[in-house]
Amino acid sequence: MSFVKGLKCRECGTPAPLAPVAICEECFGPLEVDYDYDAIRAVLTRGEIASRPKTMWRYRELLPLENEPTVGLQTGGTPLIRADRLAKAIGVRELYLKNDAVQHPTLSFKDRVVAVALSKAREFNFEAVGCASTGNLANSVAANAAAAGFPAYILIPDNLEKSKVWGTQIYGANVIPVRGNYDDVNRLCSEIAGRHPIAFVNVNLRPFYGEGSKTFGYEIAEQLGWQAPDAVVVPMAGGSLITKIHKAFGELARLGLIEEKQTRFYGAQATGCNPIAAAVKAGTRDIRPVKPNTVAKSLAIGNPADGYFATGVITQSGGWSEDVSDPELVDAIKLLAETEGVFTETAGGTTLAVTRKLLAQGRLNPDSRIVIAITGNGLKTLEALTLTKLESIEPKLGEFERATSLRRVAAATAA
Ligand SMILES: [Zn+2]
């Protein structure tokens, strides 16, 4: 059973039929899914949600499928970690990590959006799927398409990290590197979608796809005991995720599942690709596209599709946006690993480094309850790191003691 009324334009409100389209015919604004919230309120209670498996589908009334999901059935339910050692290191009182670096099946939050999009592709009777991607989405579409039996066409910029390319090829997808940046790739995918019956998850299925990100927000609120946090810091590429977490908290309040609360939204970018942060700092919602140049390749979208809406959420919530240099974000990857045992990719490093910067600026209240969005896994972006070169030793006790400077004790534990 579905609670979806149809699509409607986010700009002018004009309704549109439920179809694989993303753009309003009246004003060229983006379309979004329109739900019957009164009907959802009548069936969706905290108890009902708690009785269901710990996957993203426990909130299925708030997702845009007509029938039961068919793809990504195990996705969602990632940990919300109370990060006391990191909190101490950066000087805040109550800090949490929402850790989608351990998402199923491809270790990033993109598994959430792909689960919805490919389930929807099947409902629309598409026989092939695809995407334009900076890496994580490529991994997820390829893996989920393989498991669902869809051929996949994955277009990526030709400068991506090796683990993101191999982590796509391994699933047997058609991987097509494009000489250009993400914005060139995205433009090409729009053109292909107009001429070939392929469900491009973030092009013609974009209104449905984006809804999957809301489950990141629902889980945060549920894991905090049905409360929204005071502040959330979110990495921004196209700018969609931050708007969907905002939408998620708003929907839960509207349904009476959490109390209304003014959560402040903070957006994180790398200085080498900061069109949304630059707009927020300039006090405008108009995005000036940039040419990306940063190690945070998963965030390297120079012309963010949801930039206008992201700046709106950030400024209207009383939040802010900042950007950090590549060395700052790499330091933050190490800090997170060393304090919490969580290895995140460059986007996560960016988010933590921006959190520190916002604290130093006094824009983020250290006495508030803060959640940092960790959206991807560090094993995918090893190229960004330089670690100390390790020296091998001979398999001898003395060599170990020399290497570690540990001093020998009496033979108390000898076998
Ligand atoms: Zn419109």
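Mind listing just one residue for me: the one in the range 152-192 that is of a type in the set (D, E, K, R), closer than 19 Å to Gly238 by Cβ and assigned to a helix (DSSP H, G or I) and, of those, least open to solvent (accessible area, probe 1.4 Å)? Break it down into steps so the answer makes sense when it comes.
Residues of the range 152-192 of a type in the set (D, E, K, R): 158, 161-162, 164, 179, 183-184, 187, 191.
Those left that are additionally closer than 19 Å to Gly238 by Cβ: 161, 164, 183-184, 187, 191.
Remaining after also requiring assigned to a helix (DSSP H, G or I): 164, 183-184, 187, 191.
On the way: Lys164: 2, Asp183: 28, Asp184: 57, Arg187: 145, Glu191: 128 Å².
Of everything passing the filter in the range 152-192, Lys164 is least open to solvent (accessible area, probe 1.4 Å).
Filter the range 88-109 down to residues that are part of a helix (DSSP H, G or I) and within 16 Å of Ile220 (Cβ to Cβ) and give me whichever is farthest from the chain's Cα centre (by Cα). So that I can check it myself, show each step before the final result.
Looking only at the range 88-109, we keep the residues that are part of a helix (DSSP H, G or I), and these are 88-90, 100-102.
Those still in the list that are within 16 Å of Ile220 (Cβ to Cβ) too: 100-102.
Details: Asp100: 8, Ala101: 10, Val102: 12 Å.
Among those that are part of a helix (DSSP H, G or I) and within 16 Å of Ile220 (Cβ to Cβ), it is Val102.
Consider only pairs whose beta carbons are under 7 Å apart and that are at least six residues apart or on different chains; among these, list those whose first residue lies in the range 194-206 and is touching a residue at least 12 places away in the same chain (Cβ under 8 Å) and whose second residue is among the β-branched types (Val, Ile, Thr) and in a loop (DSSP other than H, G, I, E, B).
From residues that are touching a residue at least 12 places away in the same chain (Cβ under 8 Å), the pairs are Asn204/Val21.
Restricting to the range 21-37, name every residue that is open to solvent by 40 Å² or more (accessible area, probe 1.4 Å) and more than 11 Å from the ligand (Cβ to nearest atom).
Matches in the range 21-37: Val21, Asp36.
Report, by residue number, each residue of the range 281-309 that is surrounded by 24 or more Cβ atoms within 10 Å (Cβ to Cβ), hydrophobic (A, V, I, L, M, F, W, C) and outside any loop (DSSP other than H, G, I, E, B).
The answer is Leu299, and nothing else.
Need the failing condition index for Tyr209 against (1) without any contact (Cβ under 8 Å) to a residue 24 or more places away in the chain; (2) under 14 Å from the mean Cα position of the chain (by Cα), just the number.
(1)
Would you say Ala117 is more than 20 Å from the chain's Cα centre (by Cα), away from the ligand (no atom under 16 Å from the Cβ) and aliphatic (A, V, I, L, M)?
The answer is no for Ala117.
Every residue in the range 193-250 that is closer than 15 Å to Asp111 by Cβ, of a type outside the set (Ser, Thr, Tyr) and not in a helix (DSSP H, G or I), please.
Within the range 193-250, Val201, Asn202, Gly212 qualify.
Among the listed residues Arg52, Arg41, Arg58, Arg112, which satisfies the condition of being in a helix (DSSP H, G or I), surrounded by fewer than 16 Cβ atoms within 10 Å (Cβ to Cβ) and charged (D, E, K, R)?
Values: Arg52 fails: in a helix (DSSP H, G or I); Arg58 fails: surrounded by fewer than 16 Cβ atoms within 10 Å (Cβ to Cβ); Arg112 fails: surrounded by fewer than 16 Cβ atoms within 10 Å (Cβ to Cβ).
None of the other options fit; the residue is Arg41.
How many of the residues in the range 134-151 are assigned to a loop (DSSP other than H, G, I, E, B) and within 25 Å of Pro235 (Cβ to Cβ)?
Residues that pass the stated criteria total 2.
Test each condition in (1) open to solvent by 30 Å² or more (accessible area, probe 1.4 Å); (2) modelled with pLDDT of 95 or more; (3) not hydrophobic (A, V, I, L, M, F, W, C) for Glu211 and report the one that comes out false.
(1)
Looking at Arg206, Arg264, can you tell me which residue is within 23 Å of Ser321 (Cα to Cα), open to solvent by 50 Å² or more (accessible area, probe 1.4 Å) and not small (Gly, Ala, Ser)?
Details: Arg206 fails: within 23 Å of Ser321 (Cα to Cα).
Step by step, each of Arg206, Arg264 is checked, and only Arg264 is within 23 Å of Ser321 (Cα to Cα), open to solvent by 50 Å² or more (accessible area, probe 1.4 Å) and not small (Gly, Ala, Ser).
Looking only at residues that are under 18 Å from Leu65 (Cβ atoms) and either part of a loop (DSSP other than H, G, I, E, B) or within 8 Å of the ligand (Cβ to nearest atom) (or both) in the range 1-13, which one is farthest from the chain's Cα centre (by Cα)?
Met1
List the number of the failed condition for Ala16; all other conditions in (1) surrounded by 20 or more Cβ atoms within 10 Å (Cβ to Cβ); (2) within 11 Å of the ligand (Cβ to nearest atom) hold.
(1)
Please identify the pairs in which a residue from the range 385-412 that is within 25 Å of Asp331 (Cβ to Cβ) has its Cβ atom under 7 Å from the Cβ atom of a residue that is among the acidic types (Asp, Glu) and open to solvent by 100 Å² or more (accessible area, probe 1.4 Å), counting only partners at least 6 apart or on another chain.
As it stands, the answer is none, since no pair meets every condition given.
The values are calculated or read from the model by the stated rules, or taken from the named source; none is laboratory data. Small disclaimer: the values here were computed from a predicted structure and weren't measured. Backbone-built Cβ (ideal geometry, glycine too); neighbour counts: all protein chains shown. With ligands, DNA and RNA removed, areas are computed over all heavy atoms of the protein, side chains included. Shrake-Rupley method; radii C 1.70, N 1.55, O 1.52, S 1.80 Å.
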